[in-house]
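**Q** Have a look at the structure that comes next, please.
Coordinate-derived values only; no laboratory data. Given the structure is predicted, the values throughout are model-derived calculations rather than measurements. So basically every Cβ, Gly included, is an ideal-geometry build from the backbone, and we count neighbours across all protein chains shown.
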Amino acid sequence: MKLDDTNKAIIKQLRDGRKAYSAIAEAIGITENTVRTRVNRMIEEGLIEISALVDPSLIPEVQVVIMGVKLKTMDLEEKAREFMRLRGVNSVQVVTGRYDLIVQLVTSASSDQSLLAFFKHQLSRIRDVSDVETFVVYQSHNYRIPYNF
């Protein structure tokens, strides 16, 4: 998909995902039908997703953990997909630097979704992990995640 100036303008307007297509059309000077068609196409092609996000710091039992993962293999994309299948994993990025993957994990105070439970029952399923460093997020600013816990 071509990300032209019109699509960029629509995406900027969708910062509030509830904004009416008519209001977006008026703001950027195109028709409502054009907005609808372009939004639907961007969704179909996987460029954008419109969803509700929550501030995890406002949900007492939720804890966000960022993990730096070093692997014994260079099959980084497959390992990223394996991590995405683990319970609690919200996102995985293949990165440069001292880690191969950065994993965003959402844990809960409940014993079956704690960080310890993740290490014992989820992370232990992944082969070729040589090192993991965790970073517990105590405070964040302008940070939102999907509600899937």
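**Q** Largest first, please: the extent of the C-alpha atoms of the range 5-44 along each principal axis, to the nearest Å.
**A** 24, 19, 18
**Q** To continue, here is another question. When the helices in the chain are scored as -39500 (n - 2.57) per DSSP H run of 4 or longer and the sum is shared across all residues, what 222 nm value do you end up with, to the nearest 500 deg cm²/dmol?
**A** When only DSSP H runs of four or more count, the value is -7500 deg cm²/dmol.
**Q** Roughly how tilted is helix 32-44, in degrees to the nearest 10 and between 0 and 90, from the longest Cα axis of the chain?
**A** 20
**Q** Oh, and also: Gaussian network model of the chain, Cα springs within a sub-10 Å range: biggest mean-square fluctuation belongs to which of SER114, SER91, SER124?
**A** SER124
**Q** Moving on to the next point. Between ASP16 and ILE66, how high is the FRET efficiency from 1/(1 + (r/R0)^6) when r is the Cβ-Cβ distance and R₀ = 30 Å? Nearest 0.05.
**A** After rounding, the FRET efficiency stands at 0.65.
**Q** At most 13 other C-beta atoms within 10 Å and a DSSP loop state: those are the exposed GluC sites (Glu not before Pro) I care about. Give me the longest piece of the chain that has none.
**A** Here the longest run is 62-149.
**Q** Can you pull out the trypsin sites (Lys or Arg not before Pro) in the range 11-113 whose DSSP state is coil and whose Cβ has at most 16 other Cβ atoms within 10 Å?
**A** Numbers: sites: LYS12, ARG15, ARG18, LYS19, ARG36, ARG38, ARG41, LYS70, LYS72, LYS79, ARG81, ARG85, ARG87, ARG98; in loops: ARG15, ARG18, LYS19, LYS72, ARG85, ARG87, ARG98.
Sparse-neighbourhood loop trypsin sites (Lys or Arg not before Pro): ARG15, ARG18, LYS19, LYS72, ARG85, ARG87, ARG98.
**Q** Using C-alpha positions alone, give me the convex hull volume of the range 30-149 per residue in cubic angstrom.
**A** Values: hull volume 17.4 nm³, N = 120.
About 145 Å³ per residue, rounded to a whole number.
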